[in-house]
Every structure is written in C-alpha cells, then in structure tokens.
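Trainee: Here it is, the structure in full.
A short reminder: the numbers here are calculations on the coordinates, not readings from a lab. Note that the structure is predicted; figures quoted are calculated from it, not measured. Here Cβ is always computed from backbone atoms with ideal geometry, including for glycine, and neighbour counts include all displayed protein chains.
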Amino acid sequence: MKQTFYDIFSELNKIPRPSHHEGRVAQWLCDFAQKHGLKYRRDDENCVVIEKPASPGCEDAEPVVILNHMDMVCVARDGYERNGRKFDPLNDEIIPYIDVDENGTRWMKAEGTSLGADNGFGLSMALAILADDTLVHPALEVLTTTNEEDGMSGAEALSLDFIKGRKIINLDSEAYDEITVGAAGAFLQVAHWTPRHDDVPQGYVYRRIVMDGGLGGHSGVDINKGRCNCNREMAVFLDEELADGIMAGQVAVCAFNGGTANASIPSCADVVVALHPDVADSMAQIVAARNEDLRARYAATDAGINMRIEDAAPCDKCIDKATVMNLLGCIPELPCGVIEMRDDMPGTVMTSNNIGVVRTLDDEITVSCHTRSFSNDDMHEFAEAIEETCLGHLASDVEQLMDTGSWMENPDSPLLQLTCDTFKDVLGFEPKKVAMHFVLEAAYYVEKYPGVEMASMGPLIIEPHSTSERINLDTADNIWRVTVELLKRLATK
C-alpha cells in the first residue's frame, strides 16, 4: 500500500528530534532509503541526502534538490506530563491529533507540545515523493539538514560536492499563499557568567516566583505581535522590586531560568529566592501587584499570562550579589522585540532581537540572544552592541553560535516563475512573493553552490515553535499537489 505523507509524518513524530539531537532521526532516514532501494549519503553533522533516479524518459532534465531540515523546536506546555512524569523532549514522542473547527477546516495539533510541522511536514512530503514510483520527476536529491533551528551548523558544514542539483525546492515555509523569495539573516550568541555561590543565611524562607501562560511563538514570524518575553519581564521585575532587598541582604537569588528554545519567544520564567522572614509576607503582595500589571499590559496578546509566588525547596547556596546585579542590569538593557521595520515592505520586520533562554547551571548562568535582520551590517552592529552590553556587565564570555546572512532570490529566476505558474494552474491563484523575518538556509547554498535557484513554499502553519502550533491540512494537501505537478513540469518541459 502506498505510503502517504501523513503516514510518514506519523512515523517521524515517534522519533524525538530536538536540535542537536538528530542522530536517531538521521539513522531513520538512512533506513528509509535502504528500504526503498535508494542511494544515500550521511555526513559528520548527520545531514542526509537521498537520491532517486529520474522517471523513465526524463533522464535529460536537470536534477532537482528538495530541501528540508530534520530537527524541530520541541516545547511543552508548562506542567505537561507524559505517563505521570514531566515531558522529556529527548525521549518522548510527539502525539498529533486532528481538530475540526466551526468552519469545517481540519487542523493538526499536538497533545501538550509543539507539533514539529516545521519542518516535519515538508520532510514527510519529500519522503512520500521518494516512496511513490508513479510520479513523474527529474533526478532527485532529497537533502535533509540538522540543527536548522538553533545554529544551522548542518548547512554550514555541507561539503561542496554533497549535492549536484542547482534547482532547489524548499518545503520549509509556513504561509500557504506565498512563495518566500527572501529571508532575514540571524546571529545567535550566548553570554556566560561564572558566579560565586554564597551560603543562605539561617532562618530564611524559600519561594519560587513563577511567570507563565505567555503565548510564546516563533521569534521571527511572531516577533512583531507584541507578545510577552517572560525572560525580560522577570528580569525587569527583579530589578525594579527586589534589587534594594538583594543589596540589603534581605533577598537572595538561588536560580533564574526561563524559556525553552533560542528561536522561541519565552512563554515562561521562574526564579527561586531566599527571603528574610520580615519581607516574606510583603513579597506575595508585590508579586500580586505585578501580576495585575502584566495581565493589563498583555491582555490583547497573552490572555493567559500569570505571575504567582509559591513555596520552594530549600537551597544550600545562593548566587552572589554581584553576579545577580550584573544580570539584572544587563537583561533589561538588551534589545528585545522589534528594533526596526522595513520601509519597502509594509508590515515586515527589518531587525529584531529575542532574549530566548536564561539558564542557571551548577557553575554558570547563560543568556541567549537571537538577532535577525535583512541588513547584515545592522545585524552585526546590534550583535556587537549586545556583546558589549553583556561584557560591560561582567559576563565572562560571549559565545557565537550562528552567523547566517540574509538572502534574496533573483525575481527573474525561471524556477520562481515556473513555481508561480504551477500554483496558478493547480490552485487557481498566483502566490505572493514575500521576504520573511525568519532564517532559511538559502544563504549557505547561494554561497556554496554557484548558480543555485530556490523557491520556498509550504502549507499554512500557525504558531510554530509553540504549544499552539497547528497546520491546516487542506493547505497541506494542496501544497502536495503543487509540488508533484512542479516536479512533473521540471522533468518534461
């Protein structure tokens, strides 16, 4: 029986695949190739390319690359459990389900987590094409990269001979009626602080200050929606309400953690504090007042935002005052959200920054910043300013994890025109050509493989990188139809 892309997506979601942990899914791709008698290559970064010969009679057509990435941003709803324990993104599968709205539209969602439709659906379509010998197509190279969501190290490390094709169909796009012809660049860096650990004074009580219920979302496509960045809001709260108590020794900070992925707007943050008994009661009132303020300010964007204080387990040690005050001085100074809009494309963000993850570990505290821009000069200028701000607040090191340039396709590209024509003939409309404020791997391919043409398309995916992620299945069916017809035209024109 023929395997549909829905069947393949179901299999794919049984394999945990967060960024940096793609070994199992890479092996699954290799096994898929062997099962279907296809040649494949796997490099040291676990990127995989699977080759399929052209359909009979189409051997003279130019080869085509179908591009996707195998990793996903895996986030779980706060408090979500699987089999009586906290969800584990490294070992637990994604459980999708279909919901039909009041208009009869079919949506696929996931139980308690992000869905991984970005980019699992595009990958599943590519594999379904490989598995279907009834389709007409040129010679195919299905290229699947790693770590696209958190550094693009897979694409960056590809060898110059890893693919032969120069026409690339990228199925990693999220707006059904659009073809992405440009993408912002991205600069990801993580600042490190090395704290001392002091003893907590005897008699202090322990509390956890929790901020959760934010909508979160993709730090590129959702950055202009005014959503709460819980990392920044928590740091501002601590700086405004607790700094005097910290300096006076009445409040000690034991841990600060927030966010789940560098490429996601953080929807939650929490801080563990030790309090002098004299300030413990007033702390509950301070948190309640800030909660009212948050709910009023984010009523239109984050209706579920909530801040509360609860008992916490005792800690032997706390973070030294100097490190805490440096963090609280630094984070509110970092740019957060939209920095500039594009003049030539109304509604399109030019430059932004997301404070994605704050982590307290045994021997260090880290803060990540994900800067995006269509201007490489602006991106590097802001990245340098962020580094200077962190070092100015005595970060021990600022580590660069990604520096990806922006990309704009040639508007006269024959592949682009053929793709638009295929949309119009198959679906009855011509897609808009847009530049998006998210990062695609295109810049690496343009640099590595001279003569590359690329068209990026995909089904409608709402709220990627969040627990609200969902995909419109009618648009998925239609993108499948367009892709199959486009390959036929590329093989036979």
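Trainee: Of the options 296, 277, 253, report the single residue whose Cα projects farthest towards the positive end of the charge dipole of the stretch 250-298 (beta-carbon charges: Lys, Arg +1; Asp, Glu -1).
Mentor: 296
Trainee: Could you please state, rounded to a whole Å, how far the C-alpha centre of the stretch 389-461 is from the C-alpha centre of the stretch 292-316?
Mentor: 36
Trainee: Let me ask you something else. Can you report the principal axis dimensions of the chain using only the alpha carbons, biggest first, rounded to whole angstrom?
Mentor: 83, 48, 43
Trainee: Cα axis of helix 321-330 to longest principal axis of the chain: angle in degrees, 0 to 90, nearest 10?
Mentor: Helix 321-330 sits at roughly 50 degrees to that axis.
Trainee: Students often forget the sequence filter, so: which lysines lie under 21 Å Cα-Cα from residue 52 once same-chain residues fewer than 8 apart are removed?
Mentor: 2, 35, 39, 164, 167, 488, 493
Trainee: From the phi angles alone, apply the Karplus equation (6.51, -1.76, 1.60; θ = phi - 60°) to the stretch 254-267 and give each ³J(HN,Hα) in whole Hz, x where the residue is Gly or Pro.
Mentor: After applying 6.51 cos²θ - 1.76 cosθ + 1.60, I find 9, 6, 9, 9, x, x, 10, 8, 4, 8, 10, 5, x, 9 Hz.
Trainee: To the nearest 10 degrees, how steeply does helix 277-297 sit against the main Cα axis of the chain, on a 0 to 90 scale?
Mentor: On a 0 to 90 degree scale, this one is about 40.
Trainee: Same structure again: Using θ = phi - 60° and the Karplus form 6.51 cos²θ - 1.76 cosθ + 1.60, what ³J(HN,Hα) does each residue of the stretch 49-59 get, whole Hz, x for Gly and Pro?
Mentor: 10, 10, 9, 9, x, 4, 4, x, x, 10, 5
Trainee: Further question: Calculate one ³J(HN,Hα) per residue across the stretch 197-211 by plugging θ = phi - 60° into the Karplus curve 6.51 cos²θ - 1.76 cosθ + 1.60, and present them in order as whole Hz with x for glycine and proline.
Mentor: 10, 9, 6, 7, x, 4, x, 6, 10, 10, 9, 10, 9, 10, 10
Trainee: Angle between the Cα long axis of helix 23-35 and the longest principal axis of the chain, 0 to 90 degrees, nearest 10?
Mentor: 20
Trainee: At what distance in angstrom do the alpha carbon centres of the stretch 124-162 and the stretch 68-84 lie from each other?
Mentor: Comparing the Cα centres of the stretch 124-162 and the stretch 68-84, I get a distance of 24 Å.
Trainee: Further, regarding this structure: Tell me, rounded to the nearest percent, the portion of alpha carbon pairs in the stretch 191-264 spaced more than 19 Å apart.
Mentor: Distances greater than 19 Å cover 49 percent of the Cα pairs.
Trainee: Once you charge only the Cβ atoms, +1 for Lys and Arg and -1 for Asp and Glu, what is the size of the charge dipole of the chain about its Cα centre, to the nearest 20 debye? Kindly include the intermediate steps, with their values, before the conclusion.
Mentor: Details: 42 positive and 82 negative charges, 250 e Å.
Dipole size: approximately 1200 debye.
Trainee: Over the stretch 187-404, calculate the relative contact order: mean separation of alpha carbon pairs under 8 Å at least 6 apart, over the residue count, as a percent. Mind dumping the intermediate values first?
Mentor: Working: 480 pairs, mean separation 76.6, N = 218.
Once divided by the residue count of the stretch 187-404, the mean separation gives 35 percent.
Trainee: Using helices alone, I'd like the mean residue ellipticity at 222 nm for the chain: each DSSP H run of four-plus residues gives -39500 (n - 2.57), total over residue count, nearest 500.
Mentor: Roughly -9000 deg cm²/dmol at 222 nm, from the helical runs in the chain.
Trainee: Can you compute the charge dipole magnitude of the stretch 373-451 about its Cα centre, using +1 on each Lys and Arg Cβ and -1 on each Asp and Glu Cβ, nothing else charged? Give it in debye, rounded to the nearest 20.
Mentor: 520
Trainee: If one puts a single equal scatterer on every Cα of the stretch 187-404 and applies the Debye formula without solvent, what log₁₀ I(q)/I(0) results at q = 0.09, 0.11, 0.13 Å⁻¹?
Mentor: Per q value, in the given order, log10 I(q)/I(0) is -0.36, -0.53, -0.73.
Trainee: With N residues in the stretch 125-240, what two-decimal value do you get for its Cα radius of gyration over 2.2 N^0.38 Å?
Mentor: Against the empirical 2.2 N^0.38 Å value, I get 1.72 for the stretch 125-240.
Trainee: Let me ask another. Take the alpha carbon atoms of the stretch 177-231, find their center, do the same for the stretch 249-290, and report the distance between the two centers in whole angstrom.
Mentor: Going from one Cα centre to the other spans 14 Å.
Trainee: Can you tell me how much longer the chain between residue 194 and residue 432 gets when fully stretched, taken as 0.36 nm per residue apart minus their C-alpha distance, in nm with one decimal?
Mentor: The span from residue 194 to residue 432 would gain 80.8 nm if fully extended.
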